[in-house]
1. Evaluate the following for A:Gly394: is it surrounded by fewer than 23 Cβ atoms within 10 Å (Cβ to Cβ) and on the phi > 0 side of the Ramachandran plot?
2. Which count do you get for residues in the stretch A:95-128 that are closer than 28 Å to A:Pro56 by Cα and of a type in the set (D, E, K, R)?
3. Could you tell me whether A:Val357 is within 13 Å of chain B (Cβ to nearest Cβ), over 22 Å from A:Glu32 (Cβ atoms) and β-branched (Val, Ile, Thr)?
4. Restricting attention to the stretch A:251-279, and to residues there that are surrounded by fewer than 16 Cβ atoms within 10 Å (Cβ to Cβ) and in contact with a helix residue (DSSP H, G or I) (Cβ under 7 Å, 6 or more places away or on another chain), which single residue is nearest to A:Ala83 (Cα to Cα)?
5. Output the residues belonging to the stretch B:372-383 that are over 26 Å from B:Pro56 (Cα atoms) and either within 8 Å of chain A (Cβ to nearest Cβ) or surrounded by fewer than 23 Cβ atoms within 10 Å (Cβ to Cβ) (or both).
6. Show the residue pairs that are 6+ apart or on different chains and have beta-carbon atoms under 8 Å apart, the first residue being within the stretch B:273-295 and in contact (Cβ under 8 Å) with a residue 40 or more places away in the chain, the second being among the hydroxyl-bearing types (Ser, Thr, Tyr) and outside any loop (DSSP other than H, G, I, E, B).
7. Select, from A:Glu21, A:Glu29, the only residue that is more than 12 Å from chain B (Cβ to nearest Cβ), assigned to a helix (DSSP H, G or I) and more than 15 Å from A:Ile346 (Cα to Cα).
8. Specify which of the listed residues (A:Ile155, A:Ile118, A:Ile84, A:Ile150) is part of a loop (DSSP other than H, G, I, E, B) and surrounded by 20 or more Cβ atoms within 10 Å (Cβ to Cβ).
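The values are calculated or read from the model by the stated rules, or taken from the named source; none is laboratory data. Because the structure is a prediction, the values reported are computed rather than measured. Here the Cβ positions follow ideal geometry from the backbone for every residue, glycine too, while neighbour counts run over all protein chains shown.
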There are 2 protein chains.
Amino acid sequence: MSIVKAVFVVADGMADVPLKELDGKTPLEAGETPSLNRIAESGICGVVDIVAPGIPPGSDVAHLALLGYDVLEVYSGRGALEAIGSEIDILPNDLALRCNFATVNEEFEVLDRRAGRIENDDAAKLAVALEESLRDDPPEVGGILFKSTIQHRAILRLSGPNLSTMVSDTDPHKIGVKVLKARPLDASSEAHNTAAILNQLNQQFYSVLKSHPVNDERMKKGLLPANTVLFRGIGQLPEIDPLTLLYGIRPAVIAAVPLVRGVCKVAGMHLIPVANATGTYETDVIAKARAAVETLEVHDFVLIHFKATDLASHDGKPRTKVAMIEKLDVLVNVLLNTVDLEDTLIIISSDHTTSTVKREHSGEPVPVAIVGPDVRVDDVDEFGERACAKGGLGRILGKDLMPIIVNLLGKAEKAGS
Amino acid sequence: MSIVKAVFVVADGMADVPLKELDGKTPLEAGETPSLNRIAESGICGVVDIVAPGIPPGSDVAHLALLGYDVLEVYSGRGALEAIGSEIDILPNDLALRCNFATVNEEFEVLDRRAGRIENDDAAKLAVALEESLRDDPPEVGGILFKSTIQHRAILRLSGPNLSTMVSDTDPHKIGVKVLKARPLDASSEAHNTAAILNQLNQQFYSVLKSHPVNDERMKKGLLPANTVLFRGIGQLPEIDPLTLLYGIRPAVIAAVPLVRGVCKVAGMHLIPVANATGTYETDVIAKARAAVETLEVHDFVLIHFKATDLASHDGKPRTKVAMIEKLDVLVNVLLNTVDLEDTLIIISSDHTTSTVKREHSGEPVPVAIVGPDVRVDDVDEFGERACAKGGLGRILGKDLMPIIVNLLGKAEKAGS
């Protein structure tokens, strides 16, 4: 028997509900997707409750589940996962928060949660000023780091004893209301201390930012000033074993989105850089597919993450979502034309349903199709939410998908003897 | 997006097995049910293992599961749930038992478990006599209450320290055998004490009842005397959070059966009284449907319970069960003609299979159909046990149905971010 390898394509938020604009079809059902359909037709299909029936998962939880982890047990907040994916080192006891440069008025009411989607350069300059202020006037904490990543996004990392993730966000998650005070979510001294540090930083960052030349310049140009930083998603690294230890595989990932990169890195996956894989509508799917096939020469499990389907859903654009699904079909076509299905599995799924009606993650299960050697092919011949619900895999949980793949890879460990 | 509401119709014991009398069809398959079929055709179907595959649930456990609770974790006996539904106050640490006025001979052998289905008036008079005897000669317990409810049924409530639910029934659950001694089911002093109290009450109640004028009168009329009280189903309130806290919904229920009312009340549901909703074959289904639609003006989740299907199964009457299913179809027809499926979900299911062959609850899954906005309609076009098994929901657990409904209501909370 030859060695079997796997390409796992995860299309973010691809699953959807029936849409009026598409005559009651989902975007996946409405699109022209000959390659996705070929996978369904030559393989086995099913639907997956990523966490549990009816529960809408976040992308972080969803990817942990798709990689086989029990998220109800291991999930420990988004901040650290996103930080890791942004090339910021996080150690097991560090806390990390997601930060937004934002615009507030003098009453501290949020005018824009993204400071006019501030550009990388301006954000980087402001981040340097904040770092300097942390050196000159440090809060009482073992270690602190603040770093801007993409546009308005940044990461705050806290290290040392007497810290806790049981602290609420300062980000009110909507405009027109005041920036919140961080509150301890339990009675521990650690939670009180962490909340106090965040509230102090909130003041300190505002006083540095409000009079910073970059913001003066922005206002002169009619741009919104980035005069505050909102904190959210405090988290630590999940305590998980790497995939290699759990399943004996050599895993890699092609993903542009920091959060997904972070989850995969924590799971011990090798990050494969691909030029023009951007996580946007313009991402180069042919480059991603070719990179995946190349990666299979040294790794036996490659995950390709595709973000554009989710973006279109959050933007509430059914036809754009259909177009992005058709773009994904091109990626899958390259895979089908390049790999040998006698020794390679292709798995297609999604990390969650994103309803283009609600423009939000939703709790319906996602479709999955698996093609490759030794697969019990069923009679589903179309890749869609409803077609796959009739498939041979039935309705499964997200954490069960990885063991199913590992079994098809011939690497499953026997329970008992 | 408009606010979505839901009507959840639970037909008690509606699901069944194929019956010879109905040419191998189940009652649901044999009935003329255009409205139920319309729900199946315009919606998504599936089958539900209320507790777990193969396990026949009681109505109390079944309703807790259908409301989303993990019954293996929270169930704590039937007595307290039925007491609450009978308008008897039960506090968190109280014990409550279901009681039957019954007829025994001088050897304490049970002749009739329902004392000839004694009428409410006679039972109430006897209950007053028992209450007086408890005042004059109280057992050693913090507090005690005995109250008759409907016909032969009554509730015994015990309060105070040194009590336990780990005690067996005195009801032998069949005739021709002796009334049982209550036995402690673990080694605790609480269980021993509780069993001793019940055994003492058994004697005390018999001595009050055997010579009571009401029973003398009954025997003169040729009626069976209610000369003993059988105890069963000892229980406490389950420790559960109300549905409003769990799901952010404003829930109400229309139900006549005390046990179902009790479960729903403990779940924080508002009880809607409906004249002529009796829990019998004669119940007014049109009044129930209209009351549900009115209730939707102030609540966003209404459960309608329909008991008659279960009664027909326990009575072993296939054709009556078919007639009751057709009566339920009238209820559903009123709903379909009154609500707007653009903003209202209708969910049809059952709390358990009741086999008209065995005349008992049975462990087969029950069918479910959901129609309303954003539902992934499948191609099932008939509401029945076997048709729904091919539906897009697949085979789900009872506790997963509520999260699926809550997701369709747009109120599901995201796991992760």
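1. For A:Gly394, the condition - surrounded by fewer than 23 Cβ atoms within 10 Å (Cβ to Cβ) and on the phi > 0 side of the Ramachandran plot - is met.
2. 5
3. When the stated conditions are applied, A:Val357 passes them.
4. Step by step, filter the stretch A:251-279, then rank; the result is A:Leu271.
5. Correct list: B:Pro373, B:Asp374, B:Val375, B:Arg376, B:Val377, B:Asp378, B:Asp379, B:Asp381.
6. From the stretch B:273-295, the pairs are B:Tyr281/B:Thr320; B:Ala289/B:Thr338; B:Arg290/B:Thr338; B:Val293/B:Thr338.
7. A:Glu21
8. Result: A:Ile118 is the single residue among A:Ile155, A:Ile118, A:Ile84, A:Ile150 that is part of a loop (DSSP other than H, G, I, E, B) and surrounded by 20 or more Cβ atoms within 10 Å (Cβ to Cβ).
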